[in-house]
1. So which residues in the range B:227-259 are within 20 Å of B:Gly281 (Cβ to Cβ) and acidic (Asp, Glu)?
2. Mind listing whichever residues of the range A:174-187 are surrounded by 14 or more Cβ atoms within 10 Å (Cβ to Cβ) and touching an Asp or Glu at 6+ places or on another chain (Cβ under 8 Å)?
3. Looking only at residues in the range B:1-27 that are touching a residue at least 12 places away in the same chain (Cβ under 8 Å) and within 16 Å of ligand 2 (Cβ to nearest atom), which one is nearest to B:Asp202 (Cα to Cα)?
4. Taking the range A:282-294 only, how many residues are within 21 Å of the chain's Cα centre (by Cα) and either surrounded by fewer than 16 Cβ atoms within 10 Å (Cβ to Cβ) or not in a helix (DSSP H, G or I) (or both)?
5. Conditions first: (1) farther than 30 Å from B:Ser190 by Cβ; (2) at pLDDT below 85. B:Arg282 passes all but one, so which condition is the exception?
6. What's the number of the only condition in (1) open to solvent by 50 Å² or more (accessible area, probe 1.4 Å); (2) within 16 Å of ligand 1 (Cβ to nearest atom); (3) touching a residue at least 40 places away in the same chain (Cβ under 8 Å) that B:Arg76 fails to meet?
7. I'd like the full set of residues that are part of a helix (DSSP H, G or I) and either modelled with pLDDT under 90 or within 16 Å of ligand 1 (Cβ to nearest atom) (or both), limited to the range A:491-513.
Amino acid sequence: MTPRSVQGRAGQAWTIAKIELRRVFFARRSFWVYGLALLPSVIFLGHGIDAKTDIERLGRRGLTAPALMDSIREGESLDDVKKRVGQPAAERWSVRSRRVRQRTGNAGTTTHPIEPPVGARFVRLNITRPSFNGEPVARIYEFEVYGPDGRANLALHRPATGSIPCGQDQGPEKAVNGSVTGGQADRWCAADWPLFLQVDLGAVRPVQRFVVKHASAGGENEDSDTREFNIQVSENGKTFTTVGSSTGGGYVDERTEVRQIAYFDGRRRADLVFIDGRVQHRNVRRLLDFEEDRAIFAGIFQYFYLRLAIFFGCLGIFMYLFRGEMSNRTLHFWFLAPARRDVLLAGKYAAGLIASAVIFGGGALLTFAAMIWPHDAVEVQAYWNAGGMGHAFWYAAAAALGCVGYGSVFLAIGLYLRNPIIPAAVLLTWESVNGIFPHVLQKMSILYYLQSLCPVPAPMDSDTPTLIRLLAAPAAPASRPGAMLGLLLLTAFVLWVAGLAVRRMQISYGAET
Amino acid sequence: MTQPAVVFEEISKFYGEVLGVNRVTLNIPPGITSLVGPNGSGKTTLMNLMTGLIFPDHGRILMRGISPRDPEALMRMTGYATQYDTAPRWATGFTFITTGLLLFGYGRSEAEERAWKALERLSLTDAANRKVAAYSKGMRQRVRLAQAIAHDPELLVLDEPLNGLDPLVRAETIDMFRAWAAEGKHVIISSHVLQEVDLISDQVVLIANGMIVAEGKIRKVRDEIEEHPSQYIVRCRESDASGVAALLFGEDHITEIKLNDDRMGMLVMTRDREQFARALGRIALDGHRIESVVPADENVDALYEYLIGGER
Ligand SMILES: Nc1ncnc2c1ncn2[C@@H]1O[C@H](COP(=O)(O)OP(=O)(O)OP(=O)(O)O)[C@@H](O)[C@H]1O
Ligand SMILES: [Mg+2]
């Protein structure tokens, strides 16, 4: 094996790769790459454990017949359901309480009887809290006063005075004009403190009942009704006696009982929500849905793994191969080895490739295993026989080929450019918007080929916007052999460009940083 | 039969705008050759050019007949101990050298054997299994030397190899250089202290500001520097230049005088600086008014000052 033979050079590249491998696998900077690669498997493992414990816990309380579980309808009462379906597997209840305004049902009218009747010439309405919503404006549509016979409104069209009104057409006389239907021009309105309305009945008369018509009686929002007030009477207009007052806050606590119970039939869980004892919502779902989990896996693989994890993982590993050694001032050791520069490039690329393919291909398989693990053995067996093994293989292959492609690109970028951030951002943008470009340009993107290799297209809701749909899927996916060939050709081209750069590369430590 | 030589033909290297070396032509036969010059004169640049760590902008380099652009052939017979004081973080002295040797195609056991031998030659066996990053400066210098010699090269390029060595190791190292030179190898070392190398060198290359100033056997180099015609610009007051020039022409160390058109300045070439200085003193005592004397050939003069300064 002479050193200058092809075999000799391959052996040398392999020696370089072996030396570099240890560094790539165990460098501290590789730890976040492991993190990226293992994150999805951790998520699926968590999901599986969660579902398994749920099944175990619910199953221990007894199973419900599936047909019985499906028979529950909305509107059924709690007792009926329990009597018919049996003891639930889980039950929780709570009381929701909410402060609401007391509904009087009389549309903003309050009545204040006085027992026994008093004699009065002047009657006065003092408003202390003019509204429920905090607005400091008093609005009274009518203020009526009745004697013991209760028929005639003694205040009607009598002279009225009060706090300065909000507007010329909203004076105190509007509260004694016998009408509430004329809109805002039919009310007394005032914002000037103290808020009061006073009517002169003309002579001292026995008074037994007051009726006040507030904002909502005139068609305004209930929140504008008067919240606190009192009524005073006087015979001489100087000394007043309080004879009535509003009942206070006018709020009550509204209590609703919410009961959540769950039935479990061994695979499906029915969640029922009872409001005040009646079924309000029912939701039946499988605790472990293999098909759904596979779709989620396809989504995570395409959107997270290929686009982000492998992309940034390869950035971290491959950019470092030359650029990192330049900034550590150790690159010259390699350049002083009796090896052609392109052999050095090949060795370093091989090291990065083996490491990243093991990390990400392994990560993909591990995630796949974590996704499958909690599911029913029979179901898994069926899937496995119907091409599941092929799926696993192609996921791992797509991950490994992703490392082939992205690795070469980042190796080349690391040879030409010093700062990885801008080229990485440009490349990420290019890779992700590439789908909307004409077909020829699409072939210049790694992701295009990787997507064509994935066994299952990424899941997409039917209401996904067209643009995203275009971004997420290649317009015309390549066939598998075509995709692999295309990716390898693209990689070979990029490596050739990298070879040009590494042959011209010079050690210049001073100018670094 | 021609000896294998290190040949530089009209080599220039610029770092952007900064001059590295300019139009260097060299022909170095085997033996110990020292590149001597002050800091920043271009010694490391020359050595990096020899080993293909950087490439020249102009000119051609042949290292015993091999171009530095062919590291596969060149580095097999070349060892370079650089000035860069770094080592990979993971490396112990022993793994550092062994790993380097694996790239030469040696099997592991042979690589380890050679690494051990190299460490032995530089008395580093005690520290062999410690991290290089934890070595002292002199030990790191030695481990770089050990790495350069581990594969038994015919051509050794050593950047300031004696720097930081204690007297005992230094003496041993120098003996080693002599032994290699006797075997017909090239040992090219750099230094910025002439006395450190003039006794051991077969030839010395003096370099200043990126240019070769003198080259040859050490005695010859000194003479050459002394005899190298120096140029001075002499300016006089009151258009007295022609008078001064007439007097200077009487001195036999003056080779050439060019008078300026303004009759105040002249360019003088002399073979002997000290006699020239004495002559100027006499002329000034005669009443001629000399305003300034500026060396026009800074490279040589800077190096001359530096050599003189070094001998004090
Ligand atoms: N990477 C570089 N980028 C820019 N300029 C450089 C670079 N390397 C060297 N130079 C410049 O080239 C000139 C020669 O430098 P060189 O390192 O060859 O000097 P040297 O003789 O080895 O000095 P020293 O004795 O300090 O090691 C200096 O002016 C230096 O500033
Ligand atoms: Mg130097």
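1. Correct list: B:Glu238, B:Asp240, B:Glu251, B:Asp252.
2. Just the residues of the range A:174-187 that are surrounded by 14 or more Cβ atoms within 10 Å (Cβ to Cβ), to begin with: A:174-177, A:180, A:182, A:184, A:186-187.
Scanning the range A:174-187 gives A:Lys174, A:Ala175, A:Val176, A:Asn177, A:Val180, A:Gln184.
3. Initial filter on the range B:1-27 (touching a residue at least 12 places away in the same chain (Cβ under 8 Å)): B:3-14, B:19-27.
Subsequent filtering for residues that are within 16 Å of ligand 2 (Cβ to nearest atom) retains B:13, B:19-21, B:24.
Values: B:Lys13: 27, B:Leu19: 28, B:Gly20: 25, B:Val21: 23, B:Val24: 20 Å.
Selected residue: B:Val24.
4. Applying the first criterion (within 21 Å of the chain's Cα centre (by Cα)) to the range A:282-294 yields A:283, A:285, A:292-293.
Cutting the leftovers down to either surrounded by fewer than 16 Cβ atoms within 10 Å (Cβ to Cβ) or not in a helix (DSSP H, G or I) (or both) gives us A:283, A:285, A:292.
So the count comes out to 3.
5. Unmet condition: (2).
6. Unmet for B:Arg76, out of (1) open to solvent by 50 Å² or more (accessible area, probe 1.4 Å); (2) within 16 Å of ligand 1 (Cβ to nearest atom); (3) touching a residue at least 40 places away in the same chain (Cβ under 8 Å): (2).
7. If we filter the range A:491-513 for residues that are part of a helix (DSSP H, G or I), which is where we start, we get A:491-504.
A:Arg504, the sole residue that qualifies.
Listed here are the residues, each with its yes/no results for (1) open to solvent by less than 30 Å² (accessible area, probe 1.4 Å); (2) within 16 Å of A:Val137 (Cβ to Cβ); (3) in contact with a strand residue (DSSP E or B) (Cβ under 7 Å, 6 or more places away or on another chain); (4) assigned to a loop (DSSP other than H, G, I, E, B).
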site	(1), (2), (3), (4)
A:Val204	no, no, yes, no
A:Ser216	yes, yes, no, no
A:Val233	yes, no, yes, no
A:Val243	no, no, yes, no
A:Thr256	no, no, yes, no
A:Arg259	no, no, yes, no
A:Asp271	no, no, yes, no
A:Gln280	no, no, yes, no
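The values are calculated or read from the model by the stated rules, or taken from the named source; none is laboratory data. Because the structure is predicted, anything quoted here is derived from the model rather than measured. Here the Cβ is made from the backbone with ideal geometry for all residues, glycine too, and neighbour counts use every protein chain on show. Only protein heavy atoms, including side chains, enter the accessible area calculation; ligands, DNA and RNA are left aside. Shrake-Rupley method; radii C 1.70, N 1.55, O 1.52, S 1.80 Å.
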